[in-house]
Each structure stands twice: as structure tokens, then as C-alpha cells.
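Here is the structure we will look at, set down as C-alpha cells.
The values are calculated or read from the model by the stated rules, or taken from the named source; none is laboratory data. Computed from a predicted model, the values in this text were never measured in an experiment. Note: areas computed on protein heavy atoms with side chains; ligands, DNA, RNA excluded. Shrake-Rupley method; radii C 1.70, N 1.55, O 1.52, S 1.80 Å.
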Amino acid sequence: GGFFNSEKLEILPIQYAPVPTETTTFPPLGVFAKADVAANELLMQIPPSAYIEVWGGKLVDDESWDVYYHNMCLLSKKLETEMHLGDESLYAPYIRFLNKQAKGQIPATWSNDARDILRELLPEEIDGLSNGVDWIDDHFKGSCISPFDAFQEHIVALVKQRCYDDALIPLWDMVNHANGPHINTNTTSWYDNGGIKVWASQLIREGEEVFA
């Protein structure tokens, strides 16, 4: 089974991000300590049965970006199926959370006018990859998703924002990212048979956010 250290942790809106104007969306959330968490204390364990994943059908990772986008397409299609199932999905609580995520959180889903401004600032390719503006157009529209389906585009964006390799991992994906000394967690591999275990890498004081 899974574990979430509810005695020490809580999920709260983060104060450093803009609040969505849509009444149907959640504000940006994070995981916070509601009491001091000791170094090496277990924060959560998510079993593989809770993942939305495509391990059975994915291509073996050969460090090719084509393989990466192929597997991401598979995961997007699986998420779309679960989103359409809604409350009948095995992952219903997580699906309800994802259904309330605001659209347009990453540049690839912005309006053409907004993306044109970014295109003037960015090279067409970075190390042979599409820039952060056009990757959905270049690798998904017309092959993985319809060029005209805004819902499918939103699903691809959600997968890009929240996936770990070939899996979406509820709860763990609510831990926001940071850099350097702000990272205060360690984890096992999410491929382990028992799932991902997350523990504090240092003392986390009451009120501090948990970062990956």
C-alpha cells in the first residue's frame, strides 16, 4: 500500500505563483510541512498500482528523442482515456485534480501572437530539438493528436509538466521543483517494485515547502 505522512505534511496553495482567474481551476498547490520533519523521515510512498504508466507498451529508451516523444504520446493517450472516464476511472481522485488544472501553463500552448514574440527571442532549434514554443506542433499535432483539438493539446501539456519518464505519479507530482540547496528530499527510483519512496534529505521546518 501507499503512505502519505499526513501528521507532518499538508497540501496548500503556493503564495509565489499567480492565482488562476478561471473559477473552475485549482490555485497552484505545493506540499508543506505542518510540523518539523526530521532528516531521513519518510514523507510518502506511492505504489506502482497508483501510477498512470505505459511500461508495457513503451519503446525501450535508447536516449533518442524520437523514443521519448513516442512514449510521451502513449502516456498522453492513456491519460486522455482516463480523463474521459472521469469518476469511473480507477484514478478518479487524481483525474478530478488534473481536470481542474489551468490551461496555458507552458508556452507551447499559448496563443499564436504570444508564441510569435517568444520565437523572436529563441532559436528555431536548441541542440537539434524544437524550442520550447513549437514542440507540440512539431512532434504531436497530426501524428499523436488532432491539430485542432484543444483538449488533446492540454493533455499533452499536462503530461509534459507532470510526468516522470513514462509515468504520472499522484501526490509525488504535487511536490514542486527547486534547485541546489532548496531541494530537501531524496527518493528511490520510481521503477522499484515497491514504488517510489520519498524522505527528507534534511530538517524541514514547520511551514517550509517540500521540494524535489
Original post:
Sorted by accessible area (1.4 Å probe), largest first, how do Tyr191, Tyr91, Tyr16 line up?
Top reply: Tyr16, Tyr191, Tyr91
**OP:** For His182 and Glu41, compute 0.36 nm times the residue count separating them, minus their Cα-Cα distance, and round to one decimal in nm.
**Re:** 49.0 nm
Original post:
Gly30's amide H: which non-local residues (gap 5+, or another chain) put their own amide H closer than 5 Å, with H modeled 1.01 Å from N in plane and none for Pro or chain starts?
Top reply: Leu12, Ile14
**OP:** Determine, at each q value in 0.22, 0.27, 0.33 (inverse angstroms), the log₁₀ of I(q)/I(0) that the Debye formula gives when each Cα of the stretch 170-212 is one equal point scatterer.
**Re:** -0.77, -1.05, -1.27
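So what is the orientation-averaged projected area of the stretch 133-212, using the convex hull of its C-alpha atoms, in nm²?
On the way: hull surface 29.6 nm².
The number I arrive at for the stretch 133-212 is 7.4 nm².
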Original post:
Which angle from 0 to 90°, rounded to the nearest 10, does the C-alpha axis of helix 112-121 make with the longest principal axis of the chain?
Top reply: 80
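So which of Lys78/Lys197; Lys34/Lys77; Lys58/Lys197; Lys160/Lys197; Lys8/Lys78; Lys8/Lys58 end up more than 29 Å apart by C-alpha?
Numbers: Lys78/Lys197 24 Å; Lys34/Lys77 37 Å; Lys58/Lys197 24 Å; Lys160/Lys197 22 Å; Lys8/Lys78 33 Å; Lys8/Lys58 37 Å.
As for pairs spanning more than 29 Å Cα to Cα, those are Lys34/Lys77; Lys8/Lys78; Lys8/Lys58.
Tell me, what % of the accessible area of the chain is carbon and sulfur with a 1.4 angstrom probe?
On the way: 6180 of 11650 Å².
Roughly 53 percent of what the probe reaches on the chain is carbon or sulfur.
What number comes out for accessible area per residue over the chain if the probe is 1.4 Å? Units Å², please. Numbers along the way, then the final one.
On the way: 11650 Å² over 212 residues.
Using a 1.4 Å probe on heavy atoms only, each residue of the chain averages 55 Å².
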Subject >> Over the chain: helical MRE at 222 nm, DSSP H runs n ≥ 4 each giving -39500 (n - 2.57), nearest 500 >> reply: -8000 deg cm²/dmol
Original post:
What is the helix-to-structure angle for 150-162, meaning the angle in degrees between its Cα long axis and the longest Cα principal axis of the chain, kept from 0 to 90 and rounded to the nearest 10?
Top reply: 40
